[in-house]
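Enquirer: Sharing a structure here in structure tokens format.
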Amino acid sequence: MAGEGTSGRSSGAGTSEQASFGFRTVALGEKQGMVDHVFHQVASRYDLMNDLMSGGMQRLWKDAMVSWIAPPRKSRRPWRLLDVAGGTGDIATRIVERGDRVEAIVCDINNSMLTVGRDRAKAAGHGDDIRFAQGNAESLPFPDNHFDAYTIAFGIRNVPRIQVALNDAFRVLKRGGRFMCLEFTHVDVPVFDKIYDLYSFNVIPCIGQAVTGDGDSYQYLVESIRKFPNQARFAQMIEKAGFSRVDYRNLSGSIAALHSGWKL
């Protein structure tokens, strides 16, 4: 599966810092442009690819995310959601439909993904409920202490500086606000991990080539999962950003995991 979207920041071509682009090491300032190209290539068939590659499981994972974040069913005031790297608006749509008086903003750095999201929200009757804004996860164009919840699904591993993005998530949340991340992670079930590797590296790029005409983008996305921190390490990064009561839940044999933290 691809990332839900991309949202990051380029630090300039002259930086000596490095970042991973799949299994390759590139200059930090180059990564965002390379990730943007990937999502420009796959935007129009992104959701279809996610369903094909996960056998529909990604829908259950996203529903589990929304259930755990539990948007209010009855609210006396607007409940503000920021869905970062929100791509096609899939998570925001689920939360708007589940909650009451939800004011959702989908923020993504990739305009191709945002265009798909705007069109789909309008077609689903959510043109007034969900706003779409272009921005990056490392320097969000929103005020401090503003949102009740921050979600990011299958996108944070594409951010060049993950810790910087987590720090900014903490900044924009209100006291009592909730951080929730859905991301692929490290399979730790014996035998299943080998099967999953064979499927990921041999089947997913072929599906990507057949459906989108771009197998290379899906090769990167598979590699990026392997480079992402494991569950315990990512939980430590969330805590380092200032979040409390940090927890995670593995999904489907730890193919994916839900991470949660509170700004207290």
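The values are calculated or read from the model by the stated rules, or taken from the named source; none is laboratory data. Only a predicted model underlies this, so the values are computations on that prediction, with no experimental measurement involved. Neighbour counts run over all protein chains shown; Cβ positions are idealised from the backbone, glycine included.
Enquirer: Can you name the condition, by its number, that MET180 falls short on among (1) over 18 Å from the mean Cα position of the chain (by Cα); (2) of a type outside the set (Asp, Glu); (3) within 15 Å of ALA241 (Cβ to Cβ)?
Expert: (1)
Enquirer: Taking the options ASP216, ASP148, name whichever one is acidic (Asp, Glu) and within 30 Å of ARG76 (Cβ to Cβ). First the steps, then the outcome.
Expert: On the way: ASP216 fails: within 30 Å of ARG76 (Cβ to Cβ).
ASP148 is the lone residue from the list that is acidic (Asp, Glu) and within 30 Å of ARG76 (Cβ to Cβ).
Enquirer: For the stretch 163-185, enumerate the residues that are crowded, with 21+ Cβ neighbours inside 10 Å, of a type in the set (Val, Ile, Thr) and under 30 Å from THR25 (Cβ atoms).
Expert: If the condition is that a residue be crowded, with 21+ Cβ neighbours inside 10 Å, of a type in the set (Val, Ile, Thr) and under 30 Å from THR25 (Cβ atoms), then THR185 is the only one that fits.
Enquirer: Taking the stretch 144-161 only, how many residues are part of a loop (DSSP other than H, G, I, E, B) and over 16 Å from GLN32 (Cβ atoms)? Lay out the reasoning, then the answer.
Expert: The first filter runs over the stretch 144-161 and keeps only residues part of a loop (DSSP other than H, G, I, E, B), leaving 144-146, 154-155, 159-161.
Now restrict to residues that are over 16 Å from GLN32 (Cβ atoms): 144-146, 154.
Of the residues in the stretch 144-161, 4 are part of a loop (DSSP other than H, G, I, E, B) and over 16 Å from GLN32 (Cβ atoms).
Enquirer: Are there helices (runs of 4 or more DSSP H) fully within the stretch 40-143 with at least 3 residues that are crowded, with 21+ Cβ neighbours inside 10 Å and modelled with pLDDT of 90 or more? List them. Spell out the reasoning first.
Expert: Details: elements: 46-54, 57-69, 90-98, 111-123.
Ranges flagged: 57-69, 90-98, 111-123.
Enquirer: A further question on this structure: What number of residues in the stretch 144-176 are out of contact with any helix residue (DSSP H, G or I) (no Cβ under 7 Å at 6 or more places or on another chain), farther than 21 Å from LYS227 by Cα and not β-branched (Val, Ile, Thr)?
Expert: We begin by selecting, within the stretch 144-176, every residue out of contact with any helix residue (DSSP H, G or I) (no Cβ under 7 Å at 6 or more places or on another chain); these are 145, 148, 152, 154-155, 161, 164, 167-176.
Pick out the ones that are also farther than 21 Å from LYS227 by Cα and you get 145, 148, 168-176.
From what's left, not β-branched (Val, Ile, Thr): 145, 148, 168-171, 173-176.
Of the residues in that region, 10 qualify.
Enquirer: Pull up the stretch 177-218, narrow it to residues that are in a helix (DSSP H, G or I) and among the charged types (D, E, K, R), then point me to the one that is nearest to ASN230 (Cα to Cα).
Expert: First, pick out the residues of the stretch 177-218 that are in a helix (DSSP H, G or I): 192-202, 204-212, 215-218.
Cutting the leftovers down to among the charged types (D, E, K, R) gives us 193-194, 197, 216.
On the way: ASP193: 14, LYS194: 17, ASP197: 16, ASP216: 24 Å.
If we take residues in the stretch 177-218 being in a helix (DSSP H, G or I) and among the charged types (D, E, K, R), then ASP193 is nearest to ASN230 (Cα to Cα).
Enquirer: State the number of residues belonging to the stretch 232-251 that are in contact (Cβ under 8 Å) with a residue 24 or more places away in the chain, crowded, with 18+ Cβ neighbours inside 10 Å and out of contact with any Pro (no Cβ under 8 Å at 6 or more places or on another chain). Steps first, please.
Expert: First pass over the stretch 232-251, keeping only residues in contact (Cβ under 8 Å) with a residue 24 or more places away in the chain: 234-235, 237-238, 240-243, 249-251.
Then drop every residue that is not crowded, with 18+ Cβ neighbours inside 10 Å, which leaves 234-235, 237-238, 241, 243, 251.
With the extra rule that they be out of contact with any Pro (no Cβ under 8 Å at 6 or more places or on another chain), the set shrinks to 234-235, 238, 241, 243, 251.
Selection size over the stretch 232-251: 6.
Enquirer: Additional query: For the stretch 228-246, enumerate the residues that are assigned to a helix (DSSP H, G or I) and either among the β-branched types (Val, Ile, Thr) or touching a Gly at 6+ places or on another chain (Cβ under 7 Å) (or both). Spell out the reasoning first.
Expert: Kept after step one, since they are assigned to a helix (DSSP H, G or I), are these residues of the stretch 228-246: 231-240.
Within the stretch 228-246, just ILE238 meets the criteria.
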